[in-house]
Amino acid sequence: KVLLSSKVCSNLSNQNAIDAAESAIEMLKTRVDGLGGVILIDKHGQYGYAHNTPKMAFAYSESPEVVVAKIKT
């Protein structure tokens, strides 16, 4: 019913990383009333993430010296 990773990859053909993640999570919610999250990095090194759970931890590197880690609510 839901192939979340496949949907994200498909979305990347015409959306930026953030939009691809957000639309995939929206599809998860509307298709199966599902909860989840996704974190991705596109071929240009841009990151995207989205979730519809109460919280989601994620991290990314802005440079070799700068790592960002957060819990998004």
Q | Conditions (1) open to solvent by less than 100 Å² (accessible area, probe 1.4 Å); (2) not in a loop (DSSP other than H, G, I, E, B); number of the one not met by I71 | A | (1)
Q) For the stretch 11-60, which residues satisfy the criterion of being in a loop (DSSP other than H, G, I, E, B) and open to solvent by less than 60 Å² (accessible area, probe 1.4 Å)? A) L12, G34, G36, D42, G45, N52, T53
Q: Output the number of the condition that V8 fails; it satisfies all remaining conditions of (1) in contact with a helix residue (DSSP H, G or I) (Cβ under 7 Å, 6 or more places away or on another chain); (2) open to solvent by 90 Å² or more (accessible area, probe 1.4 Å).
A: (2)
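The values are calculated or read from the model by the stated rules, or taken from the named source; none is laboratory data. On a predicted model such as this, the values are computed, not experimentally measured, just so you know. Don't worry about glycine lacking a Cβ; one is built from the backbone with ideal geometry, like all the others, and counts go over all protein chains shown. Note: accessible area is taken over every heavy atom of the protein model, side chains too, but ligands, DNA and RNA are not part of it. Shrake-Rupley method; radii C 1.70, N 1.55, O 1.52, S 1.80 Å.
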